[in-house]
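Since the structure comes first, as structure tokens, the remarks are kept for the end.
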Amino acid sequence: FCLSLAFLYASFSFSIFCLCFSTVLWNLSPNESSPRRCIFNPLTIFFNSPGIELDNFTYQTGDKYKIRSEYGIDSEGIIIGSTGRLHWAKGYEVLFESLRVLIYDNRIQLNLVIAGDGPLRSKLIQLSEKLGLTKNIIFLGTVQKIDRFLGMLDYYIQPSISEGFPVAVLEAMAAKKP
């Protein structure tokens, strides 16, 4: 399907932006007898890798507690974190309801730390108060060093109602967070 779209767009495009270099190589096969054919003019292809610098995500376990204290976070219990814009598409309301069940019904000691800001911040703070989760949900706002933020977490969670595969998940994977 994606390749069909590429063929369609290539015929109407002056330049192509690719996120996956293997797609570019696949379409630039030097073998003329191959069933593949170059659908792009190689001079019009721009490559933008969404890759993550793995070296930025190498924190030791001892650093986890140091980073937590820098953010003023108690090290008791499980720390789950999420990054992103506080927007309806993220589905934070559903996450909060799930946390309430885990904390009150299942008696699991955990905290959610959110790095990000957005139009739903005040509504989400009110919801956390309504659900009795003000001690369990910490809103950090905008965080400049996501690698450090991820370094203090036990788990990463990416709630979503309407979203593809965000870079935030790649960053969490790079930080080796389940």
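The values are calculated or read from the model by the stated rules, or taken from the named source; none is laboratory data. All of these numbers come straight from a predicted model, not from anything done at the bench. Because the Cβ atoms are built from the backbone with ideal geometry, glycine has one as well, and the counts that use them run over all protein chains shown. Areas reflect the complete protein model, heavy atoms only, side chains present, ligands, DNA and RNA absent. Shrake-Rupley method; radii C 1.70, N 1.55, O 1.52, S 1.80 Å.
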Please state which one of N106, N56, N41 is under 23 Å from the mean Cα position of the chain (by Cα), open to solvent by 20 Å² or more (accessible area, probe 1.4 Å) and either at pLDDT below 95 or farther than 24 Å from A174 by Cα (or both). N56
Give me the pairs, please: first residue somewhere in region 143-159 and within 16 Å of L110 (Cα to Cα) and among the acidic types (D, E), second residue anywhere and surrounded by fewer than 19 Cβ atoms within 10 Å (Cβ to Cβ) and modelled with pLDDT of 90 or more, beta-carbon distance under 7 Å, and either six or more positions apart or on two chains. D154/I78
Qualifying positions in region 112-141 - assigned to a strand (DSSP E or B) and either open to solvent by 30 Å² or more (accessible area, probe 1.4 Å) or touching a Leu at 6+ places or on another chain (Cβ under 9 Å) (or both): L112, V113, I114, A115, G116, I137, I138, F139, L140
